[in-house]
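The values are calculated or read from the model by the stated rules, or taken from the named source; none is laboratory data. Bear in mind the structure is a predicted one, so any value in this text is a computation, not a measurement. Cβ placement follows ideal geometry from the backbone for every residue including glycine, while neighbour counts extend to all protein chains displayed. Only protein heavy atoms, including side chains, enter the accessible area calculation; ligands, DNA and RNA are left aside. Shrake-Rupley method; radii C 1.70, N 1.55, O 1.52, S 1.80 Å.
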Amino acid sequence: MSNKTDTHGHGDIGCLAAIEAFYAYLDGELSDPQAIEDFEHHMSHCRSCFSRAEVEKLLNERMRGSATSKASEDLRDRVRRLMDEF
Amino acid sequence: MTANEDIKTFFSREIEENMDALYGTALRLAGTGADAEDLVAETVSKAWSAIGTLQDRQRFRPWIFRILHNCFISAYRREAVRPRQSAYEEEDDGGVVALLNAQPDDFLVWWANPERQFFNNMLGSAIMAAIDGLPDAFRTTIILVNVEGLTYDEAAEALGIPPGTVRSRMKRGRTMLQKALWEQARDAGIAPLQKTAGIRHEQ
């Protein structure tokens, strides 16, 4: 695993720095434009990190898709009755 | 329409719109449908009592999730049940190197080149079971962000922690989740075999 944590002429942050930023990037929470550029640059030429990112995106989709729990009508009625008393 | 009716109308509408998300999160936290319904009802009641603390109506979602989480934590105290702790102290964020050094080599080899098909085939219930097995701090954060779609900022407000802690929990929690999924597959005899020894990354 590359242990570069700052640029060395090729402008690559290395795998460890990429992993540090990984989930924030995938969750759309990386706000620094330079950090985004550095991360995307690394993804463009590191097969392992790119593969991992693709899998994590898939896992994100699967988790988001699991938000299928529906409150029952009984619960909704119970809460409505509660709110009627406010 | 009086100011009080306006607040009540707003509150009722927001509760209706967020009911499924509140129930889904309560279910993941409390474990059973009955307990989840009680948790939601308690949350709504407490939230109405505390409506004066809602400073910005645009922030209703993280505000109500914070109340839900606080109600859940209070339930722990009432039942004298200790939350599941993590082996990783949150304050001691030794970074990715420390986190990876603590993992078994088999997992690291697999994690370096995970197979997409493996995740495609994995049942949603297996993924949620893996999430449910995480220490509480990480489980709750992943549920709020990755299942219910809160931003890191909203999750931070809901959990009463700094945004940096949310980011740290996501990093650690997701790595733990990957390991839990790998262990599930390994124990079931379906973990993909790795031909390469060690982790290979582009230089």
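Residues in region B:22-35 carry Karplus couplings, in order, of 5, 5, x, 5, 4, 5, 5, 7, 8, x, 10, x, 5, 5 Hz; the curve used is 6.51 cos²θ - 1.76 cosθ + 1.60 with θ = phi - 60°, and Gly or Pro positions show x.
Would you give the gap between the C-alpha center of region A:44-86 and the C-alpha center of region B:34-69, rounded to a whole Å? That distance is 19 Å. Residues in region A:69-74 carry Karplus couplings, in order, of 5, 10, 5, 5, 5, 4 Hz; the curve used is 6.51 cos²θ - 1.76 cosθ + 1.60 with θ = phi - 60°, and Gly or Pro positions show x. Taken across both chains, chains A and B shield about 4700 Å² of accessible surface from a 1.4 Å probe. Using the Cβ of A:MET63 as centre and a radius below 14 Å, the other residues enclosed give a net charge of +1, where K and R count +1 and D and E count -1. By a 1.4 Å probe calculation restricted to protein chains, B:LYS179 has an accessible surface near 50 Å², given to the nearest 10. The local environment of B:LEU29, defined by Cβ-Cβ distances under 11 Å, has a net charge of -1 under the rule Lys, Arg +1 and Asp, Glu -1. The largest accessible area among A:ASP84, A:ASP12, B:ASP35 belongs to the first residue in A:ASP84, B:ASP35, A:ASP12, and the rest follow in falling order (1.4 Å probe, all chains). A cut-off under 11 angstrom between Cβ atoms defines the neighbours of B:TRP63, and their net charge, with Lys, Arg +1 and Asp, Glu -1, is 0.
The listed residues A:ARG81, B:ARG174, B:ARG169 rank as A:ARG81, B:ARG169, B:ARG174 when sorted by accessible area, largest first, using a 1.4 Å probe. Set the Förster distance to 41 Å, then compute FRET efficiency between B:ILE7 and B:ASP105 from the Cβ-Cβ distance, nearest 0.05. Approximately 0.10, to the nearest 0.05.
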